[in-house]
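Chemist: Input: one structure, supplied below.
The values are calculated or read from the model by the stated rules, or taken from the named source; none is laboratory data. This is a predicted model, so every value here is computed, not measured. Glycine also receives a Cβ, built like all others from the backbone with ideal geometry; neighbour counts cover every protein chain displayed.
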Amino acid sequence: MFGRNNQDQKPSPPAPPAAATPPPAMPAAAPAVPAATTAPAAAPAGMSVIGEDLAIIGEKITVVSQNKLKVNGTIQGDINGKEVFVGPKGKVIGTVTANHIEVEGEIKGALRGASVSLMPSSRVDGDIYHQKLAISEGAQFDGRVRRPQDPSEITPNLDTRSLQAKITST
C-alpha cells in the first residue's frame, strides 16, 4: 500500500575499483607517551632539587629552602631548610641546619637538626647537634654528638631578610 517505487529511486553511484587510492587520511593523534619517558621526573610539589650536574661554590653562601631540599650536587656553603636530604652523590661543605636532616652522601661540617638520620652510605665529618639521632650500620661519622639545651641552636633560620642583614652588616 504505502511504499516506494523502485523506479523513482536514483541509481546509487558505482563502487570505486579496489585499486583506487584511498582518500588522504587525517593525521593521527600522537600516541600518549608517559611523561617519565619524555622528560626527567619533576620534583614533588614543595621540593627543591640541586641536581648532580650543579655545583654551588663560593664564600659566605647560604642556601635557604622554605620546604624540602634535595641535594644531589655539590654545595660549598651553609644550608637552612625545613627538611634537607643529601642524596648518595650529594656533597655539602658547610653547616646544615634543618628540622629534619637525612644524609646518604657526604657532609664536611656541622649538622644541626631536631631529627638527624645518617644512612648506610653517608660520610659525615663534623659535629652533630640534635634532639633525635639515628645512625645506620655502615654510616661513617667523625665528630662529636651533642644534644643542646637551647632549641634555638638547632632551629633553621628561614628568614632570608635577616640572613641578608647579617651579610650586609659584616
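Chemist: Can you list residue pairs whose Cβ atoms sit under 8 Å apart, with the first residue in region 94-113 being in contact (Cβ under 8 Å) with a residue 60 or more places away in the chain and of a type in the set (A, V, I, L, M) and the second being in a strand (DSSP E or B) and surrounded by fewer than 19 Cβ atoms within 10 Å (Cβ to Cβ)? Count only pairs 6 or more apart in sequence or on different chains.
Modeler: If the second residue must be in a strand (DSSP E or B) and surrounded by fewer than 19 Cβ atoms within 10 Å (Cβ to Cβ), no pairs are left.
Chemist: Please go through region 54-107 and pick out each residue that is of a type in the set (A, V, I, L, M) and farther than 21 Å from Gly138 by Cβ. Before you say what the answer is, go through the steps one by one.
Modeler: Residues of region 54-107 of a type in the set (A, V, I, L, M): 54-57, 61, 63-64, 69, 71, 75, 79, 84, 86, 92-93, 96, 98, 101, 103, 107.
Of everything in region 54-107, those that are of a type in the set (A, V, I, L, M) and farther than 21 Å from Gly138 by Cβ turn out to be Leu54, Ala55, Ile56, Ile57, Ile61, Val63, Val64, Leu69, Ile75, Ile79, Ile93, Ala98.
Chemist: If Leu111 passes every condition in (1) modelled with pLDDT under 95; (2) under 18 Å from Ile75 (Cα atoms); (3) of a type in the set (A, V, I, L, M) but one, which one does it miss?
Modeler: With respect to (1) modelled with pLDDT under 95; (2) under 18 Å from Ile75 (Cα atoms); (3) of a type in the set (A, V, I, L, M), Leu111 is out only on (1).
Chemist: Which residue out of Glu52, Glu106 is closer than 20 Å to Asp127 by Cα, in contact with a Lys or Arg (Cβ under 8 Å, 6 or more places away or on another chain) and of a type in the set (Asp, Glu)?
Modeler: Working: Glu52 fails: closer than 20 Å to Asp127 by Cα.
The match here is Glu106.
Chemist: I've got another one for you. Is there any pair with a first residue in region 45-60 that is more than 12 Å from Lys89 (Cα to Cα) and a second that is aliphatic (A, V, I, L, M) and at pLDDT below 90 whose Cβ atoms are under 6 Å apart and which are 6 or more apart or on different chains, and what are they?
Modeler: Val49/Ala43
Chemist: OK, next. State which residue is nearest to Asp78 (Cα to Cα) when the search covers only region 154-167 and only residues that are assigned to a helix (DSSP H, G or I) and modelled with pLDDT under 90. Spell out the reasoning first.
Modeler: Taking region 154-167 and keeping what is assigned to a helix (DSSP H, G or I), we get 154, 160-167.
After this cut, where a residue has to be modelled with pLDDT under 90 as well, the list is 160-167.
Details: Thr160: 13, Arg161: 16, Ser162: 15, Leu163: 11, Gln164: 14, Ala165: 16, Lys166: 14, Ile167: 13 Å.
The extreme case among them is Leu163.
Chemist: Considering only region 117-145, state which residues are among the basic types (Lys, Arg) and either more than 16 Å from Thr97 (Cβ to Cβ) or modelled with pLDDT under 95 (or both).
Modeler: Step one: of region 117-145, the residues among the basic types (Lys, Arg) are 123, 132, 144.
Within region 117-145, Arg123, Arg144 qualify.
Chemist: Can I ask one more? Give all pairs with beta carbons closer than 8 Å in which a residue from region 136-162 that is closer than 21 Å to Asn80 by Cβ and touching a residue at least 60 places away in the same chain (Cβ under 8 Å) meets a residue that is of a type outside the set (S, T, N, Q) and in a helix (DSSP H, G or I); count only pairs at least 6 apart in sequence or on separate chains.
Modeler: These pairs meet every condition: Asn157/Leu163.
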